[in-house]
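Student: Below you will find the structure I want to go over with you.
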Amino acid sequence: MSGADWRSESAYQDVRKAEAADMAWEWLRRDREYQKDFSALIKRGRSGSADHFRRKWGLTFRS
């Protein structure tokens, strides 16, 4: 996770250029339950439960 100070205006100078998905990601990555689930997914090697993880958190990936 980024160590940027969320209170600092300089850390978010490009926020006006952000799309809805960018803002959603900024919120999601700070969610403690998401962080816990993501850590567990990485420990399991991402196999098998990745689809469940994506569905639970409503994630889609751009290609």
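The values are calculated or read from the model by the stated rules, or taken from the named source; none is laboratory data. Since the structure is predicted, the reported quantities are computational estimates derived from the model, not experimental observations. Cβ sites come from the backbone with ideal geometry, for glycine too, and all protein chains shown count toward neighbours. These accessible areas exclude ligands, DNA and RNA; they are computed on the full protein's heavy atoms, side chains included. Shrake-Rupley method; radii C 1.70, N 1.55, O 1.52, S 1.80 Å.
Student: How much solvent-accessible surface does residue 38 expose, in Å² to the nearest 10, with a 1.4 Å probe and all protein chains in place?
Tutor: Rounded to the nearest 10, the figure is 70 Å².
Student: If you don't mind, there's one more thing I want to ask. Would you mind telling me the share, in percent, of accessible area of the chain contributed by carbon and sulfur at probe 1.4 angstrom?
Tutor: 51 percent
Student: Order 49, 39 by their accessible area, 1.4 angstrom probe, all chains in place, largest first.
Tutor: Numbers: 49 25, 39 60 Å².
Final ranking, largest accessible area leading: 39, 49.
Student: Taking a probe of 1.4 angstrom, what is the accessible area of residue 30 in Å², to the nearest 10?
Tutor: 90 Å²
Student: What number comes out for the charge environment of residue 26, summing +1 per Lys or Arg and -1 per Asp or Glu over other residues with Cβ under 14 Å away?
Tutor: So the environment of residue 26 carries a net charge of 0.
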